[in-house]
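Structure first, then comments.
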Amino acid sequence: MMGCWMLNESISVMLALSWLGVNVYLFIDTFCWYAAEESFFYTRVLLGSTLAWARASAVCLNFNCMLILLPISRNLISFIRGASICCRGPWRRQLDKNLKFHKLVAYGIAVNATIHIVAHLCNLERYHLSQSAEAEGLLAALSKLGDTPNESYINPIRASHTNTTTELLSTIAGITGLLISLALILIMTSSTEFIRQISYELFWYTHHVFIIFFISLAVHGAGRIIRGQTPESLLLHNVTFCRDHYAEWQAAAQCPMPQFSGKEPSAWKWVLGPVVLYACERVIRFWRFQQEVVITKVISHPSGVLELHMKKRNFKMAPGQYVLLQCPSISSLEWHPFTLTSAPQEDFFSVHIRAAGDWTTALCKAFVTEGQTIKEPWSLPRLAVDGPFGAALMDVFHYPVSVCIAAGIGVTPFAALLKSIRYKCCDSHTRMKLSKVYFYWICRDPSAFEWFADLLLSLETCMSEQGKTHLLSYHIFLTSWDENQAIHIALHWDENTDVITGLKQKTFYGRPNWNNEFRQIAYNHPSSSIGVFFCGPKPLSKTLRRMCRLYSSADPRGVHFYYNKESF
């Protein structure tokens, strides 16, 4: 079991450990430098070890902020996926885990931001205490620096009676730090699965606070509150000797007054490249937004699914890709992902949209009247399309055997795939590496089969005509039915075609026994690499991932299941 898990997840684990290793290295290296650097000796007298904690977490914050935008740069990921330098197999599958890496980096930002904030709150309190009447010796001498001309201060708190909160919010570092913290809290809390399910719009809008986050991050260090001794001062003022003779600093020639300055802000250097790259992404999206999209056909299915056929100049796609749609009459900012359900061989591209939220419900209403009739073409709203972008399903044709599993509306990504298979079957000159497809669809609503059954029926007919009935094995499972439907099914069970779908393959009732299904597939293909592709809810995804590990052979020459989940 562990060997099979390592086979599927080894590269993901290696990349995660590499990311963690870089974070640990940066933290320890920076911590040790600030804990031992001579130029910050006097700063450590005031602040203690919290100086190193604050600076080490800051460097890790910069590193993770540099990474956070890369996994959501869709055009970059699509380019890498299509480039020849991108290896197939396990390395290619890492591109489908871009959102997981995005979340992992976000957790890294949250942890380091917490350390950074707590450390600086401690620093602020130490600065304040060193100005109190109780402070004495070297601590008091350092805090009084800057009170007379030609002296530079090391303690930004200039008086003991100063309110630290007011003092903090009067500085660039304090204001930007507060903005960064509030932005991070908003983004993190609105990104929870619960919020995304009940209000995707809230998640979408609060996520754009990242603009404030990055602007504040870039200027956060401009205040230079944490100060160290200047290189010139170190040459004249020997810390090892002079720290014990602080009372003679003004008089002794060998101990002139130490001079201090803040370090140059560096956060902008870390994030500049990714921010420019992401800005290019947005420029491309704006350019695509301006391109005309012609809606050629609108179909309202009884199952509450809206089918849109569209055309756009120079639009090229591949099975398994998705697009981002925007309807300016509903929202001028929101873009929502939808899998393409048309095949590359067709002269249009299509999507199927189920009314499942505020935005999709509004879109369906914009195209269909309350009487379920399609609105006149002149009254249809304008749509903007960004994409297409690559997704996990594009790799179906790269395996000799593929298992495609859909739950509910999660069947839409497989529509383009099955259509493409139909066209390839009808073309006798096409040769595919893919020799067998197992298709499973689990659905609770019988009416949802209507629009997809026509596709399966045409695929059945085409494969029968071409003598390729062995290529596709499909299994449809209905998980919910009422008493009348059960009676109707029982009365027509002996007919040649299925009473619900009209297909030769009978519909199964209940849920699949995945142990039996995977065991049989492994038996049928004992020495094959089998791609498993899924689109649907998380609980079923966990089950399928476990099945892939369970039924993959530890022998490199045996059968291996490679799990791929559709996510965008």
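The values are calculated or read from the model by the stated rules, or taken from the named source; none is laboratory data. In this text, all values refer to a predicted model and were calculated from it rather than measured experimentally. Here the Cβ is made from the backbone with ideal geometry for all residues, glycine too, and neighbour counts use every protein chain on show. Heavy atoms of the whole protein, side chains included, go into the accessibility calculation; ligands, DNA and RNA do not. Shrake-Rupley method; radii C 1.70, N 1.55, O 1.52, S 1.80 Å.
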> Here are some residues: HIS245, HIS208. Which one is over 25 Å from HIS128 (Cα atoms) and not aliphatic (A, V, I, L, M)?
Replying inline: HIS208
> Quick one: is ILE172 out of contact with any Cys (no Cβ under 8 Å at 6 or more places or on another chain), open to solvent by 80 Å² or more (accessible area, probe 1.4 Å) and farther than 30 Å from TRP335 by Cβ?
Replying inline: yes
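Per-residue answers, yes or no, for (1) under 30 Å from VAL396 (Cα atoms); (2) out of contact with any Gly (no Cβ under 8 Å at 6 or more places or on another chain):
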site: ARG92; (1), (2): yes, yes
site: LEU95; (1), (2): yes, no
site: ASN98; (1), (2): yes, yes
site: VAL105; (1), (2): yes, yes
site: ALA113; (1), (2): no, yes
site: ALA119; (1), (2): no, yes
site: SER132; (1), (2): no, yes
site: SER143; (1), (2): no, yes
site: ASP147; (1), (2): no, yes
> Of all residues in region 132-167, which are touching a His at 6+ places or on another chain (Cβ under 6 Å) and closer than 22 Å to PRO258 by Cβ?
Replying inline: ILE157
> Looking at region 548-568, which of the residues that are assigned to a helix (DSSP H, G or I) and open to solvent by 10 Å² or more (accessible area, probe 1.4 Å) is nearest to ARG196 (Cα to Cα)?
Replying inline: ARG549
>> Kindly evaluate ALA183 against the criterion of being without any contact (Cβ under 8 Å) to a residue 60 or more places away in the chain and either open to solvent by less than 80 Å² (accessible area, probe 1.4 Å) or of a type outside the set (Lys, Arg) (or both).
In response: yes
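Residue-by-condition table, conditions (1) touching a Pro at 6+ places or on another chain (Cβ under 8 Å); (2) more than 28 Å from SER199 (Cα to Cα):
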| site | (1), (2) |
| --- | --- |
| ASN314 | no, yes |
| GLN321 | yes, no |
| ILE330 | yes, no |
| LEU340 | yes, no |
| GLN345 | no, yes |
| HIS352 | no, no |
| GLY357 | no, no |
>> Given the options MET317, MET257, MET310, name the one that is closer than 30 Å to VAL45 by Cα and either of a type outside the set (Asp, Glu) or in contact with an Asp or Glu (Cβ under 9 Å, 6 or more places away or on another chain) (or both).
In response: MET257
>> Let me confirm something: among ALA106, ALA83, ALA119, ALA113, which residue is touching a helix residue (DSSP H, G or I) at 6+ places or on another chain (Cβ under 8 Å) and either at pLDDT below 80 or within 30 Å of TYR322 (Cβ to Cβ) (or both)?
In response: ALA106
> In the list ARG88, ARG92, which residue meets the criterion of being open to solvent by 50 Å² or more (accessible area, probe 1.4 Å), farther than 20 Å from ARG227 by Cβ, at pLDDT below 90 and in contact with an Asp or Glu (Cβ under 9 Å, 6 or more places away or on another chain)?
Replying inline: ARG88
> Does LEU434 satisfy the condition of being within 21 Å of VAL305 (Cβ to Cβ) and modelled with pLDDT of 70 or more?
Replying inline: no
> When you go through LEU393, LEU340, LEU418 one by one, which is the residue that is closer than 22 Å to ARG81 by Cα and modelled with pLDDT of 85 or more?
Replying inline: LEU340
> Restricting attention to region 518-547, and to residues there that are over 24 Å from ALA415 (Cβ atoms) and under 23 Å from the mean Cα position of the chain (by Cα), which single residue is most open to solvent (accessible area, probe 1.4 Å)?
Replying inline: LYS542
> Any residue at all in region 370-377 that is in contact with a strand residue (DSSP E or B) (Cβ under 9 Å, 6 or more places away or on another chain) and at pLDDT 80 or above?
Replying inline: no
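Here's the yes/no breakdown for (1) over 25 Å from ALA119 (Cα atoms); (2) open to solvent by 30 Å² or more (accessible area, probe 1.4 Å); (3) of a type in the set (A, V, I, L, M, F, W, C):
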site	(1), (2), (3)
LEU168	no, yes, yes
SER191	yes, yes, no
THR206	yes, no, no
VAL219	no, yes, yes
ASN238	yes, yes, no
ASP244	yes, yes, no
>> I'm trying to understand the selection: among the residues of region 105-133, which are in a helix (DSSP H, G or I), in contact with a Leu (Cβ under 7 Å, 6 or more places away or on another chain) and open to solvent by less than 20 Å² (accessible area, probe 1.4 Å)?
In response: VAL105, ILE109, ASN112, ALA113, ASN123, TYR127
>> Looking only at region 292-310, filter to residues that are open to solvent by less than 50 Å² (accessible area, probe 1.4 Å) and part of a loop (DSSP other than H, G, I, E, B); which one of those is nearest to ASP454 (Cα to Cα)?
In response: HIS301
>> Anything in region 315-356 that is touching a helix residue (DSSP H, G or I) at 6+ places or on another chain (Cβ under 6 Å), over 21 Å from ASP395 (Cβ atoms), open to solvent by 30 Å² or more (accessible area, probe 1.4 Å) and not in a strand (DSSP E or B)? List them, or say none.
In response: ILE330, ALA355
